[in-house]
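Encoded as structure tokens, the structure appears first; notes follow it.
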Amino acid sequence: MQKEMAYSFPDEVLKHVFSFIQSDKDRNAVSLVCKSWYEIERWCRRKVFIGNCYAVSPRMVIRRFPEVRSIELKGKPHFADFNLVPDGWGGYVLQWIAEMAGAYPWLGEIRLKRMVVTDESLELIAKSFKNFKVLVLFSCEGFSTDGLAAIAASCKNLRELDLRESEVDDLSGHWLAQFPETCTSLVSLNISCLGSDEVSFSALERLVDRCPNLRSLQLNRAVTLDKIANILRRAPQLVDFGTGNYAAELQPDVFSNLAGAFSSCKELKSLSGFWDVVPAYLPALYSICPRLTSLNLSYATIQSPDLIKLVSHCPRLQRLLVLDYVEDSGLEELASSCKDLQELRVFPSDPFGVEPNVSLTEQGLVAVSLGCPKLQSVLYFCRRMSNAALVTIAQNCPNLTRFRLCIIEPKTPDYLTLDPLDAGFGAIVEHCKDLRRLSLSGLLTDHVFEYIGTYGKKLEMLSVAFAGDSDLGLHHVLSGCESLRKLEIRDCPFGDKALLANAAKLETMRSLWMSSCAVSFGACKLLGQKMPKLNVEVIDETEPPDSRPESYPVDKLYIYRSVAGPRFDMPPFVWSMDEAVKILH
Amino acid sequence: MSSENGKRLLETDAGGLNFEATELTLGLPGEPRVTSDGGAKLGSKRGFSETVDLKLGDNNREVKLGHSLQEAAKSPVSKTQVVGWPPVRGFAKRGKKSCKYVKVAVDGAPYLRKVDLEIYNSYQQLLTSLEDMFSCFTIRNYLNEKKIEQVNGIEYMPTYEDKDGDWMLVGDVPWQMFVESCKRLRLMKSSEAVGLGLTTGPKYSSTN
């Protein structure tokens, strides 16, 4: 009698309980409890996240989760951001859209990152999903304003259209006018990636006017400063705003109009945009600065004194993205004014110059580490570093979760001692026990990897360039980092031994990228043979890898786990090491 | 501990690098380092050692390890770009007035690359970078009239399409003018280029 009770919960009750479980991890755990829970869970899973679009096929996803409303897909490997993945590599979304069009008529949200999205895909989305609400295209490419026009015209209840950092072919500026007059549902619109003259401004104004729930709006560079006030007055409820061009001749009426418009936005917490900044217009922001929690000045070519003035007005700042024009002095000011700072990103204004053009050194970061106890996430480009500074930073900020340091010149040693920076990064992984993401740079030997393997137990993503001496380095990482999901390596002397010895580890990770390393073609083939659950892909743009001796190193290697088998959309310069795939190039 | 074939330069000793000893060569372990044909066999098209050198800049830069920034400053102000380094996303859009990405097509290759012309300061830099990217052949550097060794018997000429839609030889106009007017690049087989009458005159000898 009592045994029966355990199984007598009606499905509806379980479904109701499961509806409170949102995280994928928990949902996956639920599905493993027993067969009936698996069944119930799969029918009520509404959101699916697929970190690698080639790890699973659309059909498999649809078969298991028949009632999905929201999907997120990622395509190209991260190093595609830096031109290391040739055009045509893959990451096409069309097949996913086509299959989901039939299977998920109620699909409402599509979020894509680093995928190739064609106008055809966008048109298919527009006509297939009657309840479409959210489209986020993060770092995508392959589409034009024609595709956007289709989305605007058909999606009656569109809430979010976010094109951040995507590459869009501008064919016509009038796509925005395609939003019907009846569309009043927009909450978020990010068109910051569009080039010049791609947006009909009057259509934009009318759109903003009729969408009372608009909270987030990022304009593109073509929108001039004098137009900002018009927009803001129509949307005083904005929480997140990206300006366009922030340059104009200083005119008192324009200034006061702008300042007034900003001050009427009582909810505004986050600002971005700021192309071509004229410093004289920055004080127009002062009224809202005390409320600002996020400031993205990574396009703002303003000098340290102006940055210091601005930042000193923002005591609540939690997130700052800025160019290295901020200099050490600006960061010192930041450290003393912004005690709530959690995330700092400093980008190089002149990354390809040999000489430093600004006075930004490790000192700035040390100052911030000292002054901002809540610092969690760092991305820092600089030209010199020392072990001492890294140790200090590590000790000051034990709560770091993301630490990405890029010393611009490869293999730069500690500038004080000329030692490798092993000890410094070692201190980072040792002290920052919650570190999830790490990017290395500077002169580094195998020792740094020993530290990482020993201490980096929570590390999920590691980026390595021009580092290490031997396979031992790679072996330390693969054998020690228990939580590792993504590993990307370029220009390191890592070869076959470590990879083959840790082949099983690769099945526990999402992906491994290695370019300009020392992994031989023979080893790739072996890996492909022995590990059917891995897709081992060799990228070589010059000639087939089998036209050379097996011991010859491959140019680029991308290995990822997959239950879908080798993919069918490989371009001529990508070779699958799967035995079943005939090389027909 | 070093790995087998295809070893990278060992950078542990910053100062007295025995550069020759660590220089990469092709070939299976145990084979002699230098082949009589200068490495053209064994499918050296990829030119791994050259790639290493190219990617890390000229040889002198390797020896500079451990030197201070002042030393580094003695090298030319403009240096060879390493592909994808520093890892700046869409840098061209940051802090610069314009972004000049143009597609580069290569006759006979099915893929395109994109280069940002703004990051180069001269034709020499651009051509070196292109050679780096498409290292299965060499590009005829007609500016210096250097007859570069042809690796597979095919020479390529850098050409570009300008604002008016005309195809021109790279190097005809001053660099800045070129950057402004170039819409895309095409590395054309020399034989074809001759056929199109893209030669510049008597001092430019035709190939094949």
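The values are calculated or read from the model by the stated rules, or taken from the named source; none is laboratory data. Treat the numbers as computed from the prediction; the structure is a model and nothing was measured. Note: ideal-geometry Cβ built from the backbone for every residue, glycine included; neighbour counts use all protein chains shown. Accessible surface areas use protein heavy atoms only, side chains included; no ligands, DNA or RNA. Shrake-Rupley method; radii C 1.70, N 1.55, O 1.52, S 1.80 Å.
Remarks
- Some residue of the range A:538-548 being under 30 Å from A:I62 (Cβ atoms) and buried (at least 17 other Cβ atoms within 10 Å of the Cβ): yes
- Hey, A:A261 surrounded by 15 or more Cβ atoms within 10 Å (Cβ to Cβ) and part of a helix (DSSP H, G or I) or not: yes
- Top-ranked residue in the range A:289-326 [being within 16 Å of A:G273 (Cα to Cα) and in a loop (DSSP other than H, G, I, E, B); ranked as farthest from the other protein chains (Cβ to nearest Cβ)]: A:T293
- Filtering the range A:336-361 to residues that are open to solvent by less than 10 Å² (accessible area, probe 1.4 Å) and out of contact with any strand residue (DSSP E or B) (no Cβ under 6 Å at 6 or more places or on another chain) leaves A:C338, A:L341, A:P351.
- Boolean, A:V85 is part of a strand (DSSP E or B) and not acidic (D, E): no
- Residues that are in contact with a Phe, Trp or Tyr (Cβ under 7 Å, 6 or more places away or on another chain), within 14 Å of another protein chain (Cβ to nearest Cβ), within 30 Å of A:L526 (Cβ to Cβ) and of a type in the set (D, E) are absent from the range A:456-470.
- Scan of the range A:177-212 for residues that are under 26 Å from the mean Cα position of the chain (by Cα) and within 17 Å of A:L135 (Cα to Cα), ordered by number: A:L186, A:V187, A:S188, A:L189, A:N190, A:I191, A:S192, A:C193, A:L194
- Count of the range A:270-302 residues which are of a type in the set (D, E) and touching a residue at least 60 places away in the same chain (Cβ under 8 Å): 0
- Within the range A:398-408, the residues that satisfy the criterion of being hydrophobic (A, V, I, L, M, F, W, C) and either within 12 Å of another protein chain (Cβ to nearest Cβ) or free of Cβ contacts under 8 Å to residues at least 12 places away in the same chain (or both) are A:L405, A:C406, A:I407, A:I408.
- Residue check for A:K497: open to solvent by 10 Å² or more (accessible area, probe 1.4 Å), in a helix (DSSP H, G or I) and facing another protein chain (nearest Cβ under 10 Å): yes
- On the stretch given as the range A:46-82, residues that are in contact (Cβ under 8 Å) with a residue 24 or more places away in the chain, in a loop (DSSP other than H, G, I, E, B) and not acidic (D, E) total 14.
- Some residue of the range A:475-482 being more than 9 Å from chain B (Cβ to nearest Cβ), of a type outside the set (K, R) and in contact with a Lys or Arg (Cβ under 6 Å, 6 or more places away or on another chain): yes
- Number of the exception - B:S135 against (1) at pLDDT 75 or above; (2) surrounded by 15 or more Cβ atoms within 10 Å (Cβ to Cβ): (1)
- Residue check for A:V378: open to solvent by less than 20 Å² (accessible area, probe 1.4 Å) and under 25 Å from A:G330 (Cβ atoms): yes
Yes or no, residue by residue, for (1) in contact with a helix residue (DSSP H, G or I) (Cβ under 8 Å, 6 or more places away or on another chain); (2) within 14 Å of chain B (Cβ to nearest Cβ):
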| position | (1), (2) |
| --- | --- |
| A:D328 | yes, no |
| A:G371 | yes, no |
| A:Y380 | yes, yes |
| A:A388 | yes, no |
| A:N396 | yes, no |
| A:P410 | no, yes |
| A:L418 | no, yes |
| A:H431 | yes, no |
